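All of the numbers you see were taken from the coordinates with simple rules; none came from a lab. Please read these numbers as outputs of a predicted model, since none were measured by experiment. Because the Cβ atoms are built from the backbone with ideal geometry, glycine has one as well, and the counts that use them run over all protein chains shown.
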Amino acid sequence: MRRTTAICAALLLLLTPAVPAQAQNLCTWTPSELPLPAGVTGGQVLFAAPNGYLAGQATSGALLLWHNGTPVEVNAPVTTQLGLQGVNGSGELVGYDGRTRTPFVYRDGTFQTLPAPADGTTSADGINEAGDIVGTDRSVHWPPYRTVVWPRSEPGTYRFVAEDVARGIDDAGRVVTEKGYVVNPDGTRQDLASSPNLNIRKAQAGQALGKKFGDYYALWRWDVATGAAVQRYELNDPTPIGVNTSGQLATWNDKGDGTRATVLVWRGTEFFGELAVGERVRAVAENNDLAGQRKAADGRWVPATWTCV
């Protein structure tokens, strides 16, 4: 029995290789500031999507959208009470409207409130390429959190699919929650390995990023389609930023030595460098650029991208 257990453990380590934080830097991450719409003086990129879309918010709260680096006009309210939560490759935006405590979607050039229960607070937290939206309903009743889906094919409707906090929805319509539940479009489940003992922080590009209970000083990556844990990154208290379809992953890392957290980047198991302290990376783009905000020469915090050179 002991020999069999040892063999199984060895196979598990082969299937989920640990990736050390320290390795040769393969990139110099070079920043570029993004152009801002007229009248906007500062802001940040928060999310990236296929087809060259980046989305974020201005200092004023205005929603910002870029397509291949060019600003796109967004006809939405300008208020600091909007919270942007996602974008897809058609330039559709989703989030939370703090003025009405309701979820919103920006599509077809209009800002739209999504239907939601009247006795709680509901946010739209992600959108896939088909336009299906996932979010979280925070209720005053039990259960306190419910995962909500708004199917694009059924306008004006929503349904609850899990009792948990939503983290994302992939292009096959699979929903991922904080505890690692994976709910298929037909309602069946194929959860991530080690669920529910997980703390998933990001679910995008068919992958999930987070921690396992009892392994708090490492970042794990799962394949949403299979539920398998595919990589373990040896880090000190990581906070994942994002991942793209080619497997480029960025995470904040607290070194635990009193210095400020920095951003580390991998492509699969290859380490692709560390960004300087103070560079605020928020998203990983499909072209392998990073996106977020940085301090301009005049002291303003402006939207920016970083390219590997």
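Are there any chymotrypsin sites (Phe, Trp or Tyr not before Pro) in region 183-283 that are in a DSSP loop and have at most 12 other Cβ atoms within 10 Å? List them by number.
Within region 183-283, the qualifying chymotrypsin sites (Phe, Trp or Tyr not before Pro) (loop, at most 12 other Cβ atoms within 10 Å) are F213.
Work through the residues other than Y181 whose Cβ is under 13 Å from its Cβ and net out their charges, Lys, Arg +1 and Asp, Glu -1.
For residues surrounding Y181, the net value is +1.
Using DSSP to define loop residues, name the trypsin sites (Lys or Arg not before Pro) in region 215-273 whose beta-carbon has at most 12 other beta-carbon atoms within 10 Å.
Within region 215-273, the qualifying trypsin sites (Lys or Arg not before Pro) (loop, at most 12 other Cβ atoms within 10 Å) are R260.
Hey, what do the phi angles of region 208-216 turn into as Karplus ³J(HN,Hα) couplings, whole Hz, using 6.51/-1.76/1.60 and θ = phi - 60°, x for Gly and Pro?
My calculation for region 208-216 gives 10, 10, x, 10, 9, 4, x, 10, 6 Hz in order.
Once amide H atoms are placed 1.01 Å from N in the peptide plane, what residues at a sequence separation of 5 or more from G168, or on another chain, have their amide H within under 5 Å of its amide H?
V176
How much net charge surrounds G227 when only other residues with a Cβ under 15 Å from its Cβ are counted (Lys, Arg +1; Asp, Glu -1)?
Once positives and negatives cancel, what remains is +3.
How many percent of all Cα-Cα pairs in region 152-309 sit more than 19 Å apart?
Every Cα pair in region 152-309 considered, those over 19 Å come to 57 percent.
Quick query: amide H of A304 versus all other amide H atoms, modeled in the peptide plane; which residues come in under 5 Å with a sequence gap of 5 or more or a different chain?
L34, V45, G292, Q293, R294
Just going by the charge dipole of the chain, with Lys and Arg at +1 and Asp and Glu at -1 on Cβ, which of V281, V182, V230 is farthest out on the positive end?
In the chain, that residue is V230.
Amide H to amide H, which residues 5 or more places from D132 or on other chains are under 5 Å from it, using H placed in the peptide plane?
HN-HN under 5 Å from D132: R152.
Report ³J(HN,Hα) in whole Hz for each residue of region 147-162, in order, from the Karplus equation J = 6.51 cos²θ - 1.76 cosθ + 1.60 where θ = phi - 60°; Gly and Pro get x.
Couplings: 7, 10, 10, 10, x, 5, 6, 10, x, x, 10, 8, 8, 8, 10, 6 Hz.
For every other residue with a beta carbon closer than 11 angstrom to the beta carbon of T122, add +1 if it is Lys or Arg and -1 if Asp or Glu, then tell me the sum.
After counting each charged neighbour, the total is -1.
Would you kindly derive the ³J(HN,Hα) couplings of region 290-299 from the backbone phi angles with the Karplus curve 6.51 cos²θ - 1.76 cosθ + 1.60 (θ = phi - 60°), listing them in order in whole Hz, with x for Gly and Pro?
9, 9, x, 8, 8, 7, 6, 4, 8, x
Measure of size requested: the Rg and Dmax of region 31-133, with Cα atoms as the atom set and Å as the unit; please supply both.
Cα-based Rg and Dmax for region 31-133 come out at 13.2, 45 Å.
For the chain, what is the per residue volume of the convex hull drawn over the alpha-carbon atoms, in cubic angstrom?
That works out to 149 Å³ per residue.
Quick one: Cα centre-to-centre distance for region 213-281 and region 24-48, in angstrom?
Answer, in whole Å: 20.
Report the FRET efficiency, 1/(1 + (r/R0)^6), for N197 and T239, where r is their Cβ-Cβ distance and R0 is 22 Å, rounded to 0.05.
My answer for the efficiency is 0.70.
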